[in-house]
Amino acid sequence: MSEDQLAWMAEREREIFGAAAWSLKLIQEDYRYGGKRYRVVEIDGEPVAYAVYGYDGDAFHLMNIAVDSNARGAGHGKVLMEDFLTEARAERARDAWLEVAVTNTPALALYRSYGFEDVRVRPRYYQPEDVDAIVMRAKVPPAHAG
């Protein structure tokens with residue numbers, strides 16, 4: 001992953017998480033040493049979407065899928081979800097976990113279409129907006145049919 005892609009991700013993180021977003025320096029360090037997997041989707045050499053996820057030896061954890069506002073609705077989230085689940089299957093993970101803002105209707109629909117179910121709500125998880133997050137879990141499914 002290039003430094004430009006990491007910088008682009010840091011900008012998207014600030015847009016999504018505001019003051020609670022990781023800095024570029026933290027993202028760079030995590031990418032180099034943190035053991036998480038970073039994926040970027042580019043169109044004509046420009047990044048339009050990214051995912052960050054990790055594996056703890058038993059379950060895959062999706063930290064974030066983000067799509068640039070000018071590229072939404074083009075299927076980039078599905079591409080990244082397929083990548084996430086392909087990696088989970090390759091690692092023989094039993095479960096996949098994620099957290100999503102209760103207000104993010106498109107993401108909730110995407111995750112539910114892949115078999116994720118609501119587990120619980122994390123009150124005021126997204127700061128400083130005080131938006132709740134839904135914790136979701138799925139058994140690592142076979143290849144997605146639709």
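The values are calculated or read from the model by the stated rules, or taken from the named source; none is laboratory data. Owing to the predicted nature of the structure, the values given are computational and were not obtained by experimental measurement. Because the Cβ atoms are built from the backbone with ideal geometry, glycine has one as well, and the counts that use them run over all protein chains shown.
Filter region 135-144 down to residues that are modelled with pLDDT of 75 or more and either of a type in the set (A, V, I, L, M) or part of a loop (DSSP other than H, G, I, E, B) (or both) and give me whichever is surrounded by the fewest Cβ atoms within 10 Å (Cβ to Cβ). Before you say what the answer is, go through the steps one by one.
The initial filter retains those residues of region 135-144 that are modelled with pLDDT of 75 or more, namely 135-140.
Checking the rest, the ones that are also either of a type in the set (A, V, I, L, M) or part of a loop (DSSP other than H, G, I, E, B) (or both) come to 135-136, 138, 140.
Working: V135: 15, M136: 22, A138: 18, V140: 18.
Step by step, filter region 135-144, then rank; the result is V135.
Yes or no: region 32-48 includes at least one residue that is assigned to a helix (DSSP H, G or I), in contact (Cβ under 8 Å) with a residue 24 or more places away in the chain and either touching a strand residue (DSSP E or B) at 6+ places or on another chain (Cβ under 6 Å) or within 22 Å of D83 (Cα to Cα) (or both). If you could, list the steps in order and put the result at the bottom.
From region 32-48, those assigned to a helix (DSSP H, G or I) are 32-33; that's our starting set.
Those left that are additionally in contact (Cβ under 8 Å) with a residue 24 or more places away in the chain: none.
Scanning region 32-48 turns up no residue that is assigned to a helix (DSSP H, G or I), in contact (Cβ under 8 Å) with a residue 24 or more places away in the chain and either touching a strand residue (DSSP E or B) at 6+ places or on another chain (Cβ under 6 Å) or within 22 Å of D83 (Cα to Cα) (or both).
Out of region 1-43, which residues are β-branched (V, I, T) and within 22 Å of A74 (Cα to Cα)?
Of all residues in region 1-43, those β-branched (V, I, T) come to 16, 27, 40-41, 43.
Selection gives I16, V40, V41, I43.
Of all the residues that make up region 101-134, how many are farther than 18 Å from D83 by Cα, of a type in the set (A, V, I, L, M) and modelled with pLDDT under 90?
6
Please identify the pairs in which a residue from region 103-120 that is over 20 Å from H76 (Cα atoms) has its Cβ atom under 6 Å from the Cβ atom of a residue that is not hydrophobic (A, V, I, L, M, F, W, C), counting only partners at least 6 apart or on another chain.
V119/R137
Within region 41-63, can you find the residues that are under 20 Å from V100 (Cβ atoms) and aliphatic (A, V, I, L, M)?
Quick first cut of region 41-63, residues under 20 Å from V100 (Cβ atoms) only: 41, 48-56, 59-63.
Within region 41-63, V41, V48, A49, A51, V52, A59, L62, M63 meet the criteria.
For the condition part of a loop (DSSP other than H, G, I, E, B) and under 21 Å from S113 (Cβ atoms), what is the one hit in G73, G77?
Details: G77 fails: part of a loop (DSSP other than H, G, I, E, B).
Every option except G73 fails the conditions.
Being surrounded by 13 or more Cβ atoms within 10 Å (Cβ to Cβ) and within 15 Å of the chain's Cα centre (by Cα) is the filter here; which residues of region 12-29 pass it?
R12, E13, R14, I16, F17, A21, W22, I27
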